[in-house]
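Here the structure is laid out as structure tokens; the discussion comes afterwards.
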Amino acid sequence: MNDHVLSLSGITKTYNAGLPGQVDVLRGVDLDLKRGEVVALVAPSGAGKSTLLHIAGMLDTPDAGNVTLNGQNMTGQSDRLRTLARRADVGFIYQFHHLLPEFSAIENIALPQLAAGISKADAEARALSLLEKVGVADRATHRPAELSGGEQQRVAFCRALANAPALLLADEPTGNLDPATSDQVFDALMSLVRDTGLSALIATHNFDLAARMDRTVRLDAGHLAALS
Ligand SMILES: Nc1ncnc2c1ncn2[C@@H]1O[C@H](COP(=O)(O)OP(=O)(O)OP(=O)(O)O)[C@@H](O)[C@H]1O
Ligand SMILES: [Mg+2]
């Protein structure tokens with residue numbers, strides 16, 4: 001089996017093609033993410049980090065190029081197959097937690113597992129063990145509004161990993177938090193990622209956080225380059 005969890009080749013994306021506001025965001029992006037590798041994605045605001053993450057996670061389609069996920073080329077596949085592959089293989093984390101307000105922390109993490117056919121007892125047991133790993137097991141029955149910003153984000157990490165994806169895509173996962181909290185919450189994320197051995201592509205504006213990942217790539221003028 002292919003050793004790359006994610007391969008991007010020749011990815012291009014233009015918004016408003018042919019119009020006065022045309023934006024050539026991605027002009028041929030190549031990236032191989034090895035199994036277990038954690039890569040930082042850095043770029044100035046507006047350079048296309050979110051666009052690239054959405055394309056990698058099949059929430060958006062490129063104009064050209066190939067996305068290969070777990071050895072399966074996604075180009076030209078049906079929406080249904082892309083959705084199934086995304087559900088099975090990809091976890092997303094955003095700057096804002098997007099937890100469901102009516103449900104407790106443990107329920108928010110159990111829900112995607114129930115949707116995948118796991119029993120309630122097993123889903124809640126796994127949810128609790130994930131919460132323990134990020135240090136918020138004692139807040140398991142709290143709703144999002146009853147959690148601090150850092151705790152909300154830790155719960156969102158657990159939800160993203162609930163169905164044991166092969167790939168984590170994170171878009172400024174600690175961007176909403178103050179620097180000290182951001183550091184601690186990022187530690188929790190990294191230990192969760194290392195523990196499960198999954199691959200991750202994590203967009204960040206924070207070079208200290210980027211330095212704690214395996215390597216850093218920079219998006220510049222629509223191309224991705226290694227940052228040394
Ligand atoms: N749906 C869209 N239609 C038109 N232009 C868009 C659309 N989405 C994004 N853009 C443009 O594409 C460029 C890249 O946007 P993107 O959100 O990927 O940047 P980013 O690197 O994530 O920025 P930030 O660090 O501020 O989150 C921006 O110039 C943006 O204005
Ligand atoms: Mg963005």
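Using a/c under 1.5 as the rounded threshold, could you call segment 121-201 rounded, prolate or oblate? The axes a ≥ b ≥ c are square roots of the C-alpha gyration tensor eigenvalues, and prolate needs a/b larger than b/c, oblate otherwise. It is oblate, given that a/c is not under 1.5 and a/b is not larger than b/c. Under a model in which nothing but the beta-carbon of Lys, Arg (+1) and Asp, Glu (-1) is charged, the chain shows a dipole of about 400 debye around its Cα centre. Among the GluC sites (Glu not before Pro) in segment 44-133, those placed in a DSSP loop whose Cβ has at most 15 other Cβ atoms within 10 Å are Glu102.
Quick check of the Kirkwood formula: for segment 4-226, what is the inverse mean of 1/r over all pairs of different Cα atoms, in Å? Show your work: numbers first, answer last.
Details: mean 1/r = 0.0559 Å⁻¹.
About 17.9 Å, per the Kirkwood formula over Cα pairs.
Other residues whose C-beta falls under 14 angstrom from the C-beta of Gln113 contribute a net charge of +1, scoring Lys and Arg +1 and Asp and Glu -1.
Quick note: the coordinates plus some simple rules give every number you see, no bench work behind them. Not measured: the values here are computed from a predicted model. So basically every Cβ, Gly included, is an ideal-geometry build from the backbone, and we count neighbours across all protein chains shown.
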